[in-house]
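S.K.: Next up is a structure, given as C-alpha cells.
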Amino acid sequence: MGAPLPAPEEVRAEFDRLLAQDAEAAVAYLHDLGASSGYLDEAAMARTIRWTAASPYGELEITINRSKPEKDPRAIAVAAARGAVADAPTGPGVPRCDLCWENEGFPGAPGRPAKPGLRIAAIELGGERWGLQFSPYAYFDEHCIALSAEHRPMRIDAPCLERLLDFADLFPFYFIGSNADLPIVGGSILSHDHFQGGRHVFPLMKAPVEREVALAGLPQVSCGVVRWPASALRLASHDRAALARAATRILEAWQRFSFEPCGIVAHDADGPHNTLNPIVHREDALYVMHLVLRNNRADDARPWGVFHPGAQLHHLKKENIGLIEIMGLAILPPRLARELPAVERELAKAARAGRTPQEAEALLLEREATASHAAWAVSVLARRAAELACEDARAEAIGPVLREEVGGAFARILACTGVFKRDASGRAGWDAFIKKLG
C-alpha cells in the first residue's frame with residue numbers, strides 16, 4: 001500500500017478546493033484516491049466480461065459483472081419496507097444501508113461489512129448536503145454515486161429532478177440518473193435516496209426520436225417518444241427551468257395515468273404503481289433529460305410484475321431492471337461466467353453429434369451449470385445448429401452465437417418493462433397519455 005489514506009474531512013476539504021477551480025480535477029482526485037486505497041478494485045473490474053449485441057433498437061451493451069452479487073427482487077422489497085438491509089445490525093454510528101455516510105470508517109459488524117478505503121466528497125444538490133463517491137462495481141467508466149446525507153427512501157418528485165439538474169451543472173461531463181422509487185422497478189437499494197452517474201453514453205441516448213410531442217406553453221422544450229423497447233420520452237432545452245417544468249408536468253401526469261388495454265393501473269389497494277427513471281446529461285449548453293415510464297403492478301398471473309421479465313427469462317436475469325439496464329447496459333449475474341460457456345460446449349457437442357433438441361435438453365438438465373438454461377438453449381440449437389457445430393467451444397469462452405442470443409434476450413427483457421408495447425394497444429396508450437400532457 002502507498003501513503004496512509006487521508007481522513008474523511010481532509011478529503012472533503014481537498015475536493016472542495018479542487019472543485020472551486022476545476023470539476024474534472026476534483027473527480028479525478030476522488031477517483032484516484034479510491035483506486036490507490038483499493039476501494040475501487042481495478043483487478044476485479046478487469047474481470048468483467050463485456051460485449052455488444054445488435055438489436056432492432058441499436059447496439060446493446062452486455063456485461064457479466066463478477067463483482068456484484070445476484071439479488072432477489074423480493075429481498076429488495078423487504079429491505080425497502082424496513083428502511084435497511086434485512087438482518088443488518090443497528091445502533092448509533094452503524095450504517096443502516098450500504099449507502100449511508102456512516103460506512104466511511106465503520107470497522108464492520110456481522111451483516112454489515114467494513115468498507116476500507118471509502119471516502120465521500122460533499123456536494124450540494126437542491127440546497128441539501130449530498131455525498132459523491134465512486135462505485136466499487138464500476139459498471140462503466142467513472143461510475144459514481146451521489147447519495148443523500150440523510151438516510152431516507154428514494155423519491156421521484158420535482159425536487160429530485162432539480163437535484164439531477166444541479167448535478168449536471170456541477171459535473172457537465174457526467175450523466176446522472178435515478179432508479180425508480182418503487183419495488184420491482186426500482187434498483188437494489190430503495191431505502192436511501194441516491195443517484196448514479198459517470199462518464200458513459202448509453203444506447204438509450206443514441207436511439208432516435210420516432211414521434212415528436214408538443215408541450216403546450218413550453219416552446220423552449222423539444223419532446224419526443226424514443227424508439228426504444230422501454231417506454232421513454234426525451235426532453236431537450238437550453239432553458240433549464242423550462243425543462244424542469246416540462247419534466248414535472250410529465251411526471252405528475254404519469255403518476256395519475258391508467259390505461260386498462262395496456263394493463264396500466266396508477267393506484268389501487270396496494271398503493272401507487274406509476275413512477276419513472278429520470279436521466280440527465282448535458283451537450284454543452286443543451287440539457288437533455290430522458291424519462292422512462294415505469295409501473296410496478298403485479299397480479300396472480302405475473303407475481304414478479306406485470307412489466308417485469310417472466311420466469312422464462314430468469315435463467316439470465318431475475319433481478320430488478322434498474323436505471324443502468326433500462327438505458328441499454330445489461331448487468332448480468334456472475335454465475336453466467338461459468339454457466340454460459342458450459343451451455344456453449346453442450347450445444348456445440350449436440351450440434352456436431354446431430355442430437356435432437358429433446359436429446360440435448362435431457363443432457364442439459366443433468367448438469368447444475370446448464371439446467372436452468374435448458375429450454376432456452378435447445379431453442380437456440382433448433383435455430384442455429386449449423387453455426388454451433390462450427391464454433392470453437394473453448395473451456396472459458398462465450399462464443400458468438402450465445403453472445404448474440406443473450407443480446408436478443410436482453411432486448412426482450414427491456415421490452416417486458418415497456419408500459420406501452422410496440423403494438424396497436426401501445427400506440428393507443430401513447431396517444432391517450434400524450435393527450436394528458438397538453
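S.K.: Restricting attention to the stretch 225-245, does a residue exist that is part of a strand (DSSP E or B) and basic (Lys, Arg)?
M.R.: Here is the first cut: in the stretch 225-245, the residues part of a strand (DSSP E or B) are 225-226, 232-237.
Then drop every residue that is not basic (Lys, Arg), which leaves 234.
Yes, the stretch 225-245 has at least one match.
S.K.: Quickly run through the stretch 323-337 and pick out the residues that are part of a loop (DSSP other than H, G, I, E, B), out of contact with any helix residue (DSSP H, G or I) (no Cβ under 6 Å at 6 or more places or on another chain) and open to solvent by less than 10 Å² (accessible area, probe 1.4 Å). Even if it seems obvious, please write down each step before you answer.
M.R.: Here is the first cut: in the stretch 323-337, the ones part of a loop (DSSP other than H, G, I, E, B) are 327-328, 333-335.
Of the ones still in play, those that are also out of contact with any helix residue (DSSP H, G or I) (no Cβ under 6 Å at 6 or more places or on another chain) are 333-335.
Of everything in the stretch 323-337, just one residue is part of a loop (DSSP other than H, G, I, E, B), out of contact with any helix residue (DSSP H, G or I) (no Cβ under 6 Å at 6 or more places or on another chain) and open to solvent by less than 10 Å² (accessible area, probe 1.4 Å), namely PRO333.
S.K.: Examine the stretch 295-316 for a residue that is in contact with a strand residue (DSSP E or B) (Cβ under 6 Å, 6 or more places away or on another chain), in a strand (DSSP E or B) and under 19 Å from PRO229 (Cα atoms), and state whether such a residue exists. Steps first, please.
M.R.: First, pick out the residues of the stretch 295-316 that are in contact with a strand residue (DSSP E or B) (Cβ under 6 Å, 6 or more places away or on another chain): 295, 307.
Filter again for in a strand (DSSP E or B), leaving 295.
Retained after the next criterion (residues that are under 19 Å from PRO229 (Cα atoms)): 295.
Among the residues of the stretch 295-316, at least one is in contact with a strand residue (DSSP E or B) (Cβ under 6 Å, 6 or more places away or on another chain), in a strand (DSSP E or B) and under 19 Å from PRO229 (Cα atoms), which makes the answer yes.
S.K.: Hey, among the residues in the stretch 27-44 that are open to solvent by less than 40 Å² (accessible area, probe 1.4 Å) and out of contact with any helix residue (DSSP H, G or I) (no Cβ under 9 Å at 6 or more places or on another chain), which one's modelled with the highest pLDDT? I'd like the intermediate steps shown before the answer.
M.R.: Within the stretch 27-44, the subset open to solvent by less than 40 Å² (accessible area, probe 1.4 Å) is 27, 30, 33-35, 37, 39-40, 44.
Remaining after also requiring out of contact with any helix residue (DSSP H, G or I) (no Cβ under 9 Å at 6 or more places or on another chain): 34, 37, 44.
On the way: GLY34: 95, SER37: 92, ALA44: 78.
Filtering first and then ranking leaves GLY34.
S.K.: I'd like the residue in the stretch 412-438 that is free of Cβ contacts under 8 Å to residues at least 60 places away in the same chain and closer than 20 Å to ALA266 by Cα and, out of all such residues, is surrounded by the fewest Cβ atoms within 10 Å (Cβ to Cβ). Break it down into steps so the answer makes sense when it comes.
M.R.: Step one: of the stretch 412-438, the residues free of Cβ contacts under 8 Å to residues at least 60 places away in the same chain are 423-424, 427, 431, 435.
In the following step, the residues that additionally are closer than 20 Å to ALA266 by Cα were identified as 427, 431, 435.
Numbers: ARG427: 14, ASP431: 12, LYS435: 9.
Among residues in the stretch 412-438 that are free of Cβ contacts under 8 Å to residues at least 60 places away in the same chain and closer than 20 Å to ALA266 by Cα, the one surrounded by the fewest Cβ atoms within 10 Å (Cβ to Cβ) is LYS435.
S.K.: Let me ask something else. Being touching a Phe, Trp or Tyr at 6+ places or on another chain (Cβ under 9 Å) and under 16 Å from GLY198 (Cα atoms) is the filter here; which residues of the stretch 28-54 pass it?
M.R.: TYR29, LEU30, HIS31, GLY34, ALA35, LEU40, MET45
S.K.: Ok, one more. Counting just the residues of the stretch 360-380 that are among the acidic types (Asp, Glu) and assigned to a helix (DSSP H, G or I), which one comes out nearest to HIS314 (Cα to Cα)?
M.R.: Taking the stretch 360-380 as the starting set, the residues that turn out to be among the acidic types (Asp, Glu) are 361, 366, 368.
Filter once more, keeping what is assigned to a helix (DSSP H, G or I): 361, 368.
Values: GLU361: 18, GLU368: 15 Å.
Per the stated criteria, the residue is GLU368.
S.K.: Has the stretch 279-287 got any residue that is part of a loop (DSSP other than H, G, I, E, B) and surrounded by fewer than 20 Cβ atoms within 10 Å (Cβ to Cβ)?
M.R.: Taking the stretch 279-287 and keeping what is part of a loop (DSSP other than H, G, I, E, B), we get 284-285.
Right, trim to surrounded by fewer than 20 Cβ atoms within 10 Å (Cβ to Cβ) and you get 284-285.
The answer is yes; a qualifying residue exists.
S.K.: Among the residues in the stretch 338-359, are any buried (at least 20 other Cβ atoms within 10 Å of the Cβ), out of contact with any Cys (no Cβ under 6 Å at 6 or more places or on another chain) and not in a helix (DSSP H, G or I)?
M.R.: no
S.K.: Counting just the residues of the stretch 381-411 that are under 11 Å from ALA348 (Cα atoms) and either among the β-branched types (Val, Ile, Thr) or surrounded by fewer than 18 Cβ atoms within 10 Å (Cβ to Cβ) (or both), which one comes out nearest to the chain's Cα centre (by Cα)?
M.R.: The qualifying residue nearest to the chain's Cα centre (by Cα) is VAL401.
S.K.: Which members of the stretch 197-216 meet the condition of being open to solvent by less than 40 Å² (accessible area, probe 1.4 Å) and in a loop (DSSP other than H, G, I, E, B)?
M.R.: Keep residues of the stretch 197-216 that are open to solvent by less than 40 Å² (accessible area, probe 1.4 Å), which gives 197-198, 202-205, 207, 213, 215.
Once the filter is applied, which keeps residues that are open to solvent by less than 40 Å² (accessible area, probe 1.4 Å) and in a loop (DSSP other than H, G, I, E, B), the stretch 197-216 yields PHE202, ALA207, VAL213, LEU215.
S.K.: Does THR275 fit the bill of being crowded, with 23+ Cβ neighbours inside 10 Å and either under 27 Å from the mean Cα position of the chain (by Cα) or over 26 Å from VAL226 (Cβ atoms) (or both)?
M.R.: On the way: crowded, with 23+ Cβ neighbours inside 10 Å: yes; either under 27 Å from the mean Cα position of the chain (by Cα) or over 26 Å from VAL226 (Cβ atoms) (or both): yes.
Yes; evaluated as a whole, the condition is true for this residue.
The values are calculated or read from the model by the stated rules, or taken from the named source; none is laboratory data. These figures come from a predicted structure and were not determined experimentally. Note: ideal-geometry Cβ built from the backbone for every residue, glycine included; neighbour counts use all protein chains shown. Surface areas here come from the heavy atoms of the whole protein model, side chains and all, with no ligands, DNA or RNA. Shrake-Rupley method; radii C 1.70, N 1.55, O 1.52, S 1.80 Å.
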